[in-house]
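Below is one structure, written out as structure tokens; comments come after it.
Bear in mind these aren't lab numbers, they're just calculated from the coordinates by the rules spelled out. Predicted, not measured: the structure shown is a model, and the values here were computed from it. Virtual Cβ from ideal backbone geometry, glycine too; neighbours counted across all protein chains shown.
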Amino acid sequence: MPAKSELLRLIPKVDELANNERIVCAAHNLSRQIVIESIREKTEQKRDEILQLKAHEQAELNVDELIEAIILAIERKNEMNLKKVINATGVILHTNLGRALLDPSIKEKVWEIAESYSTLEYNIRTGKRGSRYDHVQELITKITGTEAALVVNNNAAAVLLILSTLAKGTQVIVSRGELVEIGGSFRVPEIMEQSGAKLMEVGATNKTHLSDYQKAIVEGETGALLKVHTSNYRILGFTEEVELIDLVKLGKEQGIPVIHDLGSGALLDLRKFGINGEATVHDSVHAGTDIICFSGDKLLGGPQAGIIIGRKSLIERMKRNPLTRAFRIDKLTLAALEATLRLYLDPPKAVENIPTLAMLTMPLITLEERANCLYGLLINKVKHCTISLESGSSQVGGGSLPLQDLPTKLIKLKPDNLTVEELEERLRNSPIPIIIRIHKDHIYLDVRTMRDSDFGYIVNTIKANCSKAC
Ligand SMILES: *Cc1c(COP(=O)(O)O)cnc(C)c1O
């Protein structure tokens, strides 16, 4: 074994590596600082490895491998942290993977606003200051059939703004069956506390009657009746909840506004696609609800936003609340929201183009064809792996339709030479991470949430990683 000092001498100098042809080529267009930093990091790491060698350990210095490692480090440093992944989990509104995807057809519209000055708060007709909310207000009221609309950062902000405006310092009555927690610490009781309203729980977890609300109302103290959609759970069995229409009637009799936190906000009726159990925005509007709020990036299929609709006089009060400024929607979001809402002017086109709706309503026959296609590619190319097709189900996710079973066709994988956990880790760490499901010691891929244009990459990545020894 060569002496350590000899090995250390064999490590090329930083300048020499910086001029190495392959490194120069990989570093094309990158700052010299990143290149030098990566070279230092990798050569120092190598030096440490050599110094820590024990007397009996074999050592060698492979300069090619060192250069490979430097190139990889340069590429990693130059990569965005926030980047594309392939969602093979079959969970459509995957909160950790960014919820709703935008329709590619709106790309230019969003980018134009990003790179140009715009009419964001400028009224072209009068040449005076305008309101950023005007761009979507008319569209939203037209699509939903309401008087007024306001948009903020997300639905959590919408709920807080509504309660803070309409019910600060008063009592808000909510059913005990609706004290929802949404992932990421949105809890109805806590939001209520933040808003300055006082939570008045009524009924039991499984049953709440209209009389429970009636008995809880105190004149001069009750500020609102709140109904919260149990987005991510259902109470089944011996249950009863008060219909929105009855709650609205009670509110009208008592002169108390009824607020509906609808959560996911389906703008179209999905029942004709076999998707049941999600009240639509229209259902809530038709019931006569005073104020309704929902997310932009759940079943609506747009960017992250909170949409508030309802009575004009109440929405005007919200616009004057200083929180509206703090929850102000960004211009890129606004552009993406307007462009997405415009697709709803032609509902069949909306279902076809908005990725969330297209994935949700994709017929089983199409899923089977796509799964067969991916299966064929995998069988042809991938060695050292058992591959089969299996029926299964996808999930809506994102706190929507928790009981909805969406039948799908899954690709099932079991690598011969590594564990499923090892393959999962490799797929997750590939240049475009592939996120999969593991179930009963098998890997599952669901084509519902994947793009056909990603199939080639998926096949090559699985192929490369199954043939590599552990
Ligand atoms: C998802 C959800 C929220 C939070 O919405 P975000 O847009 O994620 O802030 C609030 N309430 C209900 C009922 C929900 O389903």
Helix-only [θ]222 nm of the chain, DSSP H runs n ≥ 4, -39500 (n - 2.57) each, per residue, nearest 500:
-12500 deg cm²/dmol
What ³J(HN,Hα) values, in whole Hz, does the Karplus curve 6.51 cos²θ - 1.76 cosθ + 1.60 give for the stretch 300-308 when θ = phi - 60°, with x put for Gly and Pro?
5, x, x, x, 4, 6, x, 10, 10
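Taking the Cα centre of the chain as the origin, how large is its charge dipole in debye, to the nearest 20, when only Lys and Arg (+1) and Asp and Glu (-1) carry charge on their Cβ atoms? All intermediate terms of the calculation are to be shown ahead of the outcome.
Values: 59 positive and 61 negative charges, 147 e Å.
In total the dipole reaches around 700 debye.
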List the residues whose amide H sits under 5 Å from the amide H of Ile86, counting only those 5 or more places along or on another chain, with H placed 1.01 Å from N in the peptide plane.
Ile434, Ile435
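Could you calculate the contour length gain from Lys381 to Ala114, that is, 0.36 nm times the residue separation minus the distance between their Cα atoms, to one decimal place in nm?
Values: separation 267, 0.36 × 267 = 96.12 nm, distance 4.23 nm.
Stretched out fully, the Lys381 to Ala114 stretch lengthens by 91.9 nm.
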Value of relative contact order over the stretch 186-268, rounded to a whole percent, pairs C-alpha under 8 Å and six or more apart:
33 percent
Antiparallel versus total DSSP beta bridges in the chain: what percent is that, nearest 5?
60 percent
At a Cα cut-off below 18 Å, give the lysines reachable from Lys249, other chains included and same-chain residues fewer than 8 away excluded.
Lys215, Lys227
Can you list the HN-Hα couplings for the stretch 214-220, worked out from phi with the Karplus curve (6.51, -1.76, 1.60; θ = phi - 60°), rounded to whole Hz and with x for Gly and Pro?
4, 5, 7, 5, 10, 4, x
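Restricting to Cα pairs below 8 Å that are 6+ residues apart, what does the relative contact order work out to for the chain? Please round to a whole percent. Each step should come with its number before you reach the end.
On the way: 791 pairs, mean separation 87.3, N = 470.
Reported as a whole number, the value is 19 percent.
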Quick one: which of Lys109/Lys142; Lys349/Lys414; Lys298/Lys381; Lys383/Lys440; Lys107/Lys168 span more than 30 angstrom between C-alpha atoms?
Lys349/Lys414; Lys298/Lys381; Lys107/Lys168
Whose amide H sits under 5 Å from the amide H of Tyr122, counting only residues 5 or more places off or on another chain, with H placed in the peptide plane?
Gly130
Place a label point 7 angstrom from the Cα of Arg22 along the Cα-to-Cβ direction, then list the residues of the stretch 73-98 whose backbone nitrogen is under 15 Å away.
73-75
Once you have a ≥ b ≥ c as the square roots of the Cα gyration tensor eigenvalues for the stretch 265-357, tell me rounded if a/c is under 1.5, and otherwise prolate or oblate according to whether a/b is larger than b/c.
oblate
Residue-wise HN-Hα coupling along the stretch 409-415, computed from phi with Karplus coefficients 6.51, -1.76, 1.60 (Hz; x: Gly, Pro):
10, 10, 8, 10, 10, 9, x
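With a 10 Å radius around each residue's Cβ, average the other Cβ atoms per peptide and rank 407-417, 296-306, highest first. Can you show the working numbers first?
Details: 407-417: 19.2, 296-306: 26.8.
The most tightly packed comes first, giving 296-306, 407-417.
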How do 149-157, 61-69, 137-145 rank on mean C-beta neighbours within 10 Å, highest first?
149-157, 137-145, 61-69
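Would you kindly state the longest site-free stretch of the chain, with sites defined as chymotrypsin sites (Phe, Trp or Tyr not before Pro) in a DSSP loop (not H, G, I, E, B) surrounded by at most 14 other Cβ atoms within 10 Å? Write out the running numbers ahead of the final one.
On the way: sites that count: Tyr117, Tyr233, Phe238.
Longest run free of exposed loop sites: 239-470.
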Please compute the contact order of the stretch 1-153 in relative form: average sequence separation of alpha-carbon pairs under 8 Å and at least six residues apart, divided by the residue count, as a percent.
17 percent
Which residues qualify? For Ala305, with a placed amide H closer than 5 Å and at least 5 residues away or on another chain, they are Asn155, Gly296, Asp297
Give the residue from Asn87, Ser31, Ile70 lying farthest towards the positive end of the charge dipole for the stretch 14-107; charges sit on Cβ (+1 for Lys and Arg, -1 for Asp and Glu) and the dipole is referred to the Cα centre.
Asn87
